[in-house]
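First comes the structure, then the notes that go with it.
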Amino acid sequence: MVQVIVLGGGCFWCTEAVFQKIKGVTKVESGYAGGEAANPTYEQVSTGETGHAECVRVEYDADQVGLNKILDVFFAVHDPTTLNRQGNDVGTQYRSIIFWTEPEQEKAIKDYLIKVQDEFKDPVVTEVEKLDMFYPAEDYHEDYYNQNKSKMYCRLVISPKLKKVEEKFADWQK
């Protein structure tokens, strides 16, 4: 059964690249969620004034990979203890946030957050909200890493995250 979860954990290029490699994930799409403006653009979201977070919409086959494994990967590749920041990316658009799409996901996510807090010294600040609307990002953001592997950001930021996931979740690689 295909399920959908929307995850925001910093730059969506990173999160997209990570989840494209996980078994059971059938589709990953970069975009924006959690804000007020309809059909926001990257330029608008980048100002931090729309309220949107850079996110990825992850479709996954729940018979192959469960929500907890999706969350394990998500929390392994971003710092959920930094408010409105991931590394050098600063602003509310880079906040740690999970948007659920099915009522049973909400409880599972909140239970997971209680458990995962023990893995961090500082408080986990990840927000949990029902998905209202997801706006796909502009085409040039889709499959960004695979199209731009030689760019500095990809080499310095995304590649190390992919290596970490390949090591920590070797059995879950496509």
Tally the residues that are polar (S, T, N, Q) and more than 18 Å from residue 46 (Cβ to Cβ), restricting the search to the range 73-95. 2
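Can you work out which of the residues in the range 32-52 that are acidic (Asp, Glu) and out of contact with any Ser or Thr (no Cβ under 7 Å at 6 or more places or on another chain) is modelled with the lowest pLDDT? Outline the logic, then answer.
Filtering the range 32-52 for residues acidic (Asp, Glu) gives 36, 43, 49.
Still in the list and also out of contact with any Ser or Thr (no Cβ under 7 Å at 6 or more places or on another chain): 43, 49.
Details: 43: 96, 49: 93.
By that ranking, first place goes to 49.
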Can you give me the number of residues within the range 124-174 that are out of contact with any Phe, Trp or Tyr (no Cβ under 7 Å at 6 or more places or on another chain), part of a loop (DSSP other than H, G, I, E, B) and among the hydrophobic types (A, V, I, L, M, F, W, C)? 4
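Return the only residue of 36, 43 being surrounded by fewer than 17 Cβ atoms within 10 Å (Cβ to Cβ), more than 30 Å from residue 66 (Cα to Cα) and either without any contact (Cβ under 8 Å) to a residue 12 or more places away in the chain or within 16 Å of the chain's Cα centre (by Cα) (or both). I'd like the intermediate steps shown before the answer.
Working: 36 fails: either without any contact (Cβ under 8 Å) to a residue 12 or more places away in the chain or within 16 Å of the chain's Cα centre (by Cα) (or both).
It is 43.
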Could you list, in sequence order, the residues of the range 111-145 that are over 22 Å from residue 46 (Cα atoms), surrounded by fewer than 12 Cβ atoms within 10 Å (Cβ to Cβ) and within 17 Å of the chain's Cα centre (by Cα)? 130
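The values are calculated or read from the model by the stated rules, or taken from the named source; none is laboratory data. Bear in mind that the values here come from a model prediction, so they are computed numbers and not experimental data. Don't worry about glycine lacking a Cβ; one is built from the backbone with ideal geometry, like all the others, and counts go over all protein chains shown.
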